[in-house]
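Below is one structure, written out as structure tokens; comments come after it.
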Amino acid sequence: MEILCFGLSHHTAPIELREKFAIPDAQVAPTAVELAQRPGLGEAVIVSTCNRVEFYVAAEDTAHALTSVEQFVLEKIAAPAGEAFFQHPTPRSIRHLFSVVSGLDSMVLGETEILGQVKKAYLAAQAAGATGKHLNKLFQRAFNVAKEVRTKTNITRGSVSVGSVAVELAEKIFGRLSDCKVMILGAGETSEMTAGALQARGVKTIFVANRSYDRAVSLAEKLGGRAVHFDEWPREIRDVDILIGSTAAPHHVLTAAQLAPIMRTRRDRPLYCIDLAVPRDIEPAVNDLDGVYVYDIDTLQSAANESMAIRRQEIVVCEELIERHVREFSDWLTSGGRPPGFGHPRTTGNA
């Protein structure tokens, strides 16, 4: 039995092309069932995320299987786009899946979201009857590999994006974030992502101030927050715990002279400032005020880079671990899916 993986990812295709081949969640399982019924195929799992669309099939003949998959993609979605699509036969297909679920093939090295996405795709295909002995065994082994990689290596250690580093620092300052109030100055993409990351950790109250009030309203609606006119934000900051600066102003928006009298009224309530703007929104002297913690984008990016360096050092360890599992699964496939030692008479001392 052969395992084949056919697809495209952020390594091989731009987002415009990946979007063209993406399959809606509700259609992933029915599409896998249709694929499994094609000539020469018996099992199929389809993984479709924003960064990849991959078709996994089990078949007796690799060439026949590849032809069936390519024809299926052509009929159901679009013509496979040349070099953007990769083809992985056994054992490369096995190694690829194990690397994917372990976060080694992700845009952000070591990220864990992909494991949940692949599990969801596999369970949907299994429930729909698109899988059998071989893909069931493959994906169950893959999930065990991902768990082992994450528990035995440092591939997921530390945060590797500005937003996630900012959230980690917020948790160190405040502990639980559920009672924290956040204000965003500016409506940039990075500030939106950082606010979203804070929301994911429990933040419920978000204010958005922008020179264009309409843009402030738009972002506030997206985040479930409240828009504030830009000239009113100094009054609102008295009740804020986390301030995110992300304006395009050519000068400092928040100065120590502005903030000092406000901090004297807050009674030991800290203020965490995340300055994502270039030039900086927050005057460096603000960090000298009691109870104020200021981190600019260079500081946050430096922390993220350190974590990424640690993760990269772990790649070799992860690949060695994965390779052992690839060999074991390939041996299982070669044996026809029989347990080790199956078919060999057991010898005893009385022979």
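The values are calculated or read from the model by the stated rules, or taken from the named source; none is laboratory data. Since this is a predicted model, take the numbers as computed values, not measurements. Methodologically, a virtual Cβ is constructed for each residue, glycine included, from the backbone with ideal geometry; neighbour enumeration extends over all protein chains shown. Just so you know, the surface numbers come from the protein's heavy atoms only, side chains and all, with ligands and any DNA or RNA stripped out. Shrake-Rupley method; radii C 1.70, N 1.55, O 1.52, S 1.80 Å.
Tabulated results
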{"read-out": "Residues of region 262-303 satisfying the condition of being closer than 22 Å to L198 by Cβ, loosely packed, with under 14 Cβ neighbours inside 10 Å and of a type in the set (K, R)", "value": "R269"}
{"read-out": "Yes/no for I297 being under 21 Å from V165 (Cβ atoms), in contact with a helix residue (DSSP H, G or I) (Cβ under 9 Å, 6 or more places away or on another chain), of a type in the set (V, I, T) and in contact (Cβ under 8 Å) with a residue 60 or more places away in the chain", "value": "yes"}
{"read-out": "Unique residue being in contact with a Lys or Arg (Cβ under 6 Å, 6 or more places away or on another chain), among the hydrophobic types (A, V, I, L, M, F, W, C), more than 30 Å from F329 (Cβ to Cβ) and modelled with pLDDT under 95 when the list is A200, A170, A187", "value": "A187"}
{"read-out": "Residue check for V278: assigned to a loop (DSSP other than H, G, I, E, B) and either of a type in the set (V, I, T) or in contact with a helix residue (DSSP H, G or I) (Cβ under 6 Å, 6 or more places away or on another chain) (or both)", "value": "yes"}
{"read-out": "Any hit, region 213-227, residues being more than 28 Å from the chain's Cα centre (by Cα), in contact (Cβ under 8 Å) with a residue 40 or more places away in the chain and open to solvent by less than 30 Å² (accessible area, probe 1.4 Å)", "value": "no"}
{"read-out": "Count - residues of region 262-275 that are in a loop (DSSP other than H, G, I, E, B), charged (D, E, K, R) and modelled with pLDDT of 90 or more", "value": "2"}
{"read-out": "For D241: the one exception among (1) touching a strand residue (DSSP E or B) at 6+ places or on another chain (Cβ under 6 Å); (2) modelled with pLDDT under 95", "value": "(2)"}
{"read-out": "Enumeration of residues in region 230-261 that are under 22 Å from L177 (Cα atoms), open to solvent by less than 20 Å² (accessible area, probe 1.4 Å) and part of a helix (DSSP H, G or I)", "value": "W233, I237"}
{"read-out": "Residues satisfying the stated conditions in region 96-111, i.e. touching a residue at least 60 places away in the same chain (Cβ under 8 Å) and assigned to a helix (DSSP H, G or I)", "value": "H96, L97, F98, S99"}
{"read-out": "Count of region 161-198 residues which are under 20 Å from E306 (Cβ atoms), touching a residue at least 40 places away in the same chain (Cβ under 8 Å) and open to solvent by less than 30 Å² (accessible area, probe 1.4 Å)", "value": "5"}
{"read-out": "Filter result for V317 (touching a Leu at 6+ places or on another chain (Cβ under 9 Å), modelled with pLDDT of 95 or more and either surrounded by 11 or more Cβ atoms within 10 Å (Cβ to Cβ) or at positive phi (or both))", "value": "no"}
{"read-out": "Pairs, first over 11 Å from D241 (Cα atoms) and in contact (Cβ under 8 Å) with a residue 12 or more places away in the chain in region 257-275, second open to solvent by less than 10 Å² (accessible area, probe 1.4 Å) and charged (D, E, K, R), C-beta under 8 Å, six or more apart", "value": "D275/D281"}
{"read-out": "Residue in region 286-308 that is among the charged types (D, E, K, R) and more than 28 Å from the chain's Cα centre (by Cα) present", "value": "yes"}
